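The values are calculated or read from the model by the stated rules, or taken from the named source; none is laboratory data. Since the model is a prediction, treat every value here as computed from it, not as a measurement. Cβ sites come from the backbone with ideal geometry, for glycine too, and all protein chains shown count toward neighbours. Surface areas here come from the heavy atoms of the whole protein model, side chains and all, with no ligands, DNA or RNA. Shrake-Rupley method; radii C 1.70, N 1.55, O 1.52, S 1.80 Å.
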Amino acid sequence: MSTAAAKVNRIGPAKPVRVIAILLMLAGLVMVVAGATTWFTVQSQLADERITVSEDADWFAGEKIDGPLTAYAEAQIIEKHALESSGGKTYAELDREDPARQTVMNGSFLRASLFTSVVSFGIAAMAMGLGVVIALIGYAQFLLARSLAAALEAAA
(Lines give C-alpha, C1' and ligand atoms only; values in the text may rest on other atoms or scores of the structure.)
Protein backbone atom coordinates (compact mmCIF):
# COMPACT_ATOMS: atom_id res chain seq x y z
CA MET A 1 0.00 0.00 0.00
CA SER A 2 1.38 3.42 -0.93
CA THR A 3 1.86 6.09 1.71
CA ALA A 4 -0.88 8.23 0.13
CA ALA A 5 -3.36 5.33 0.36
CA ALA A 6 -2.34 4.65 3.95
CA LYS A 7 -2.82 8.32 4.76
CA VAL A 8 -6.36 8.31 3.26
CA ASN A 9 -7.25 5.15 5.22
CA ARG A 10 -6.12 6.76 8.49
CA ILE A 11 -7.99 10.03 7.88
CA GLY A 12 -11.08 8.22 6.57
CA PRO A 13 -12.78 7.74 9.97
CA ALA A 14 -12.96 11.52 10.46
CA LYS A 15 -15.02 12.10 7.30
CA PRO A 16 -18.29 10.43 8.44
CA VAL A 17 -17.98 12.19 11.79
CA ARG A 18 -17.63 15.51 9.95
CA VAL A 19 -20.67 14.77 7.76
CA ILE A 20 -22.81 13.91 10.80
CA ALA A 21 -21.58 17.08 12.51
CA ILE A 22 -22.65 19.22 9.56
CA LEU A 23 -26.05 17.49 9.48
CA LEU A 24 -26.51 18.18 13.21
CA MET A 25 -25.64 21.84 12.76
CA LEU A 26 -28.11 22.13 9.88
CA ALA A 27 -30.84 20.33 11.86
CA GLY A 28 -30.25 22.68 14.78
CA LEU A 29 -30.50 25.70 12.50
CA VAL A 30 -33.76 24.41 11.00
CA MET A 31 -35.20 23.92 14.51
CA VAL A 32 -34.23 27.44 15.57
CA VAL A 33 -35.80 28.94 12.44
CA ALA A 34 -38.97 26.81 12.78
CA GLY A 35 -39.32 27.71 16.47
CA ALA A 36 -38.81 31.41 15.82
CA THR A 37 -41.29 31.34 12.93
CA THR A 38 -43.89 29.66 15.15
CA TRP A 39 -43.27 32.11 17.99
CA PHE A 40 -43.65 35.19 15.79
CA THR A 41 -46.67 33.78 13.94
CA VAL A 42 -48.55 33.12 17.18
CA GLN A 43 -47.48 36.49 18.57
CA SER A 44 -48.65 38.26 15.43
CA GLN A 45 -52.00 36.46 15.41
CA LEU A 46 -52.63 37.34 19.06
CA ALA A 47 -51.64 40.97 18.51
CA ASP A 48 -53.96 41.20 15.49
CA GLU A 49 -56.91 40.39 17.76
CA ARG A 50 -56.24 43.64 19.69
CA ILE A 51 -57.13 42.07 23.04
CA THR A 52 -55.92 43.59 26.29
CA VAL A 53 -55.66 41.98 29.67
CA SER A 54 -58.65 42.85 31.85
CA GLU A 55 -58.08 45.73 34.26
CA ASP A 56 -58.81 43.56 37.30
CA ALA A 57 -56.19 40.93 36.42
CA ASP A 58 -53.48 40.22 38.97
CA TRP A 59 -50.72 40.70 36.37
CA PHE A 60 -50.35 42.72 33.17
CA ALA A 61 -53.67 44.58 33.63
CA GLY A 62 -54.40 46.73 30.58
CA GLU A 63 -51.50 45.37 28.54
CA LYS A 64 -51.87 44.09 25.00
CA ILE A 65 -52.06 40.30 24.74
CA ASP A 66 -49.18 39.31 22.47
CA GLY A 67 -47.15 36.81 24.45
CA PRO A 68 -47.41 33.76 26.68
CA LEU A 69 -47.54 35.63 29.99
CA THR A 70 -50.24 38.09 28.96
CA ALA A 71 -52.29 35.27 27.38
CA TYR A 72 -52.01 33.25 30.58
CA ALA A 73 -52.98 36.24 32.74
CA GLU A 74 -56.09 36.85 30.63
CA ALA A 75 -57.06 33.16 30.75
CA GLN A 76 -56.87 33.30 34.54
CA ILE A 77 -59.09 36.37 34.80
CA ILE A 78 -61.62 34.91 32.34
CA GLU A 79 -61.91 31.91 34.66
CA LYS A 80 -62.46 34.23 37.61
CA HIS A 81 -65.19 36.17 35.76
CA ALA A 82 -66.91 32.99 34.56
CA LEU A 83 -66.97 31.52 38.07
CA GLU A 84 -68.32 34.79 39.47
CA SER A 85 -71.14 34.78 36.92
CA SER A 86 -72.07 31.19 37.75
CA GLY A 87 -71.85 31.40 41.52
CA GLY A 88 -68.63 29.38 41.56
CA LYS A 89 -69.93 26.53 39.38
CA THR A 90 -68.16 25.18 36.32
CA TYR A 91 -69.92 24.50 33.03
CA ALA A 92 -70.39 20.83 33.90
CA GLU A 93 -71.93 21.70 37.26
CA LEU A 94 -74.53 24.08 35.87
CA ASP A 95 -78.07 22.97 35.04
CA ARG A 96 -78.81 22.89 31.31
CA GLU A 97 -81.41 25.59 31.72
CA ASP A 98 -79.19 27.94 33.76
CA PRO A 99 -78.70 31.22 31.82
CA ALA A 100 -75.12 31.46 33.12
CA ARG A 101 -74.23 28.24 31.27
CA GLN A 102 -73.68 30.08 27.95
CA THR A 103 -71.38 32.65 29.58
CA VAL A 104 -69.35 29.95 31.31
CA MET A 105 -69.13 27.96 28.07
CA ASN A 106 -67.84 31.00 26.16
CA GLY A 107 -65.33 31.62 28.93
CA SER A 108 -64.12 28.02 28.63
CA PHE A 109 -63.67 28.37 24.88
CA LEU A 110 -61.76 31.63 25.27
CA ARG A 111 -59.54 30.14 27.96
CA ALA A 112 -58.83 27.09 25.80
CA SER A 113 -57.82 29.33 22.89
CA LEU A 114 -55.52 31.38 25.09
CA PHE A 115 -53.98 28.27 26.63
CA THR A 116 -53.38 26.89 23.13
CA SER A 117 -51.33 29.98 22.35
CA VAL A 118 -49.43 29.60 25.64
CA VAL A 119 -48.59 25.99 24.73
CA SER A 120 -47.58 27.09 21.21
CA PHE A 121 -45.17 29.64 22.66
CA GLY A 122 -43.73 26.93 24.92
CA ILE A 123 -43.22 24.47 22.09
CA ALA A 124 -41.66 27.18 19.94
CA ALA A 125 -39.25 28.11 22.74
CA MET A 126 -38.41 24.43 23.30
CA ALA A 127 -37.73 23.94 19.57
CA MET A 128 -35.43 26.95 19.51
CA GLY A 129 -33.60 25.82 22.64
CA LEU A 130 -33.16 22.27 21.37
CA GLY A 131 -32.06 23.64 18.01
CA VAL A 132 -29.29 25.63 19.68
CA VAL A 133 -28.20 22.60 21.72
CA ILE A 134 -28.19 20.30 18.68
CA ALA A 135 -26.25 22.85 16.61
CA LEU A 136 -23.69 23.22 19.41
CA ILE A 137 -23.33 19.43 19.65
CA GLY A 138 -22.79 19.35 15.89
CA TYR A 139 -20.18 22.09 16.12
CA ALA A 140 -18.36 20.28 18.93
CA GLN A 141 -18.43 17.08 16.89
CA PHE A 142 -17.08 19.00 13.88
CA LEU A 143 -14.15 20.25 15.98
CA LEU A 144 -13.53 16.72 17.24
CA ALA A 145 -13.53 15.41 13.67
CA ARG A 146 -10.98 18.06 12.72
CA SER A 147 -8.80 17.09 15.69
CA LEU A 148 -9.13 13.41 14.82
CA ALA A 149 -8.09 14.07 11.24
CA ALA A 150 -5.12 16.16 12.39
CA ALA A 151 -4.06 13.48 14.88
CA LEU A 152 -4.32 10.73 12.27
CA GLU A 153 -2.37 12.83 9.77
CA ALA A 154 0.34 13.54 12.33
CA ALA A 155 0.57 9.84 13.12
CA ALA A 156 1.04 9.06 9.41
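Which is touching a Leu at 6+ places or on another chain (Cβ under 8 Å), over 30 Å from Leu23 (Cα atoms) and not hydrophobic (A, V, I, L, M, F, W, C), of Thr103, Thr90, Thr116? Can you show your working first?
Details: Thr103 fails: touching a Leu at 6+ places or on another chain (Cβ under 8 Å); Thr116 fails: touching a Leu at 6+ places or on another chain (Cβ under 8 Å).
Of Thr103, Thr90, Thr116, the one residue that is touching a Leu at 6+ places or on another chain (Cβ under 8 Å), over 30 Å from Leu23 (Cα atoms) and not hydrophobic (A, V, I, L, M, F, W, C) is Thr90.
Apart from one condition, Lys89 fits all of (1) in a helix (DSSP H, G or I); (2) at pLDDT below 95; the exception is (1). Taken together, the criteria place Val17 among residues that are under 30 Å from Ala145 (Cα atoms), over 27 Å from the mean Cα position of the chain (by Cα), open to solvent by less than 90 Å² (accessible area, probe 1.4 Å) and of a type in the set (Val, Ile, Thr). Cβ-Cβ distances below 7 Å connect the following pairs, each with a first residue in region 27-42 that is at pLDDT 95 or above, a second residue that is of a type in the set (Ser, Thr, Tyr) and surrounded by 14 or more Cβ atoms within 10 Å (Cβ to Cβ), and a separation of six or more residues or different chains: Thr38/Ser120; Val42/Ser117; Val42/Ser120. Scan region 92-111 and tell me whether some residue there is modelled with pLDDT of 95 or more, open to solvent by less than 30 Å² (accessible area, probe 1.4 Å) and not in a helix (DSSP H, G or I). Checked against the condition, which is being modelled with pLDDT of 95 or more, open to solvent by less than 30 Å² (accessible area, probe 1.4 Å) and not in a helix (DSSP H, G or I), region 92-111 yields no hits at all.
Got a sec? Which of Phe121, Phe60 is touching a Pro at 6+ places or on another chain (Cβ under 8 Å) and crowded, with 19+ Cβ neighbours inside 10 Å?
Working: Phe60 fails: touching a Pro at 6+ places or on another chain (Cβ under 8 Å).
Unique residue meeting the criteria: Phe121.
Results for (1) under 35 Å from the mean Cα position of the chain (by Cα); (2) in contact (Cβ under 8 Å) with a residue 40 or more places away in the chain, shown as yes or no for each residue.
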residue	(1), (2)
Asp98	no, no
Ser108	yes, no
Phe115	yes, yes
Met128	yes, yes
Ile137	yes, yes
Ser147	yes, no
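Looking at region 49-59, is at least one residue at pLDDT 95 or above, on the phi < 0 side of the Ramachandran plot, hydroxyl-bearing (Ser, Thr, Tyr) and within 20 Å of the chain's Cα centre (by Cα)? No: zero hits.
For region 63-86, which residues satisfy the criterion of being open to solvent by 70 Å² or more (accessible area, probe 1.4 Å), outside any loop (DSSP other than H, G, I, E, B) and in contact with a strand residue (DSSP E or B) (Cβ under 9 Å, 6 or more places away or on another chain)? Listed by number, the list holds a single entry, Lys64.
Out of the residues in region 44-57 that are of a type in the set (Ser, Thr, Tyr) and out of contact with any helix residue (DSSP H, G or I) (no Cβ under 6 Å at 6 or more places or on another chain), which is most open to solvent (accessible area, probe 1.4 Å)?
Keep residues of region 44-57 that are of a type in the set (Ser, Thr, Tyr), which gives 44, 52, 54.
Retained after the next criterion (residues that are out of contact with any helix residue (DSSP H, G or I) (no Cβ under 6 Å at 6 or more places or on another chain)): 44, 52.
Working: Ser44: 53, Thr52: 75 Å².
The extreme case among them is Thr52.
Scan region 66-90 residue by residue and report those that are under 30 Å from Leu130 (Cβ atoms), touching a Lys or Arg at 6+ places or on another chain (Cβ under 9 Å) and hydrophobic (A, V, I, L, M, F, W, C). The one that is under 30 Å from Leu130 (Cβ atoms), touching a Lys or Arg at 6+ places or on another chain (Cβ under 9 Å) and hydrophobic (A, V, I, L, M, F, W, C): Ala75.
Return yes or no: is Tyr139 among the aromatic types (Phe, Trp, Tyr), open to solvent by 60 Å² or more (accessible area, probe 1.4 Å) and modelled with pLDDT of 95 or more?
Values: among the aromatic types (Phe, Trp, Tyr): yes; open to solvent by 60 Å² or more (accessible area, probe 1.4 Å): yes; modelled with pLDDT of 95 or more: yes.
Spelling it out, Tyr139 is indeed among the aromatic types (Phe, Trp, Tyr), open to solvent by 60 Å² or more (accessible area, probe 1.4 Å) and modelled with pLDDT of 95 or more.
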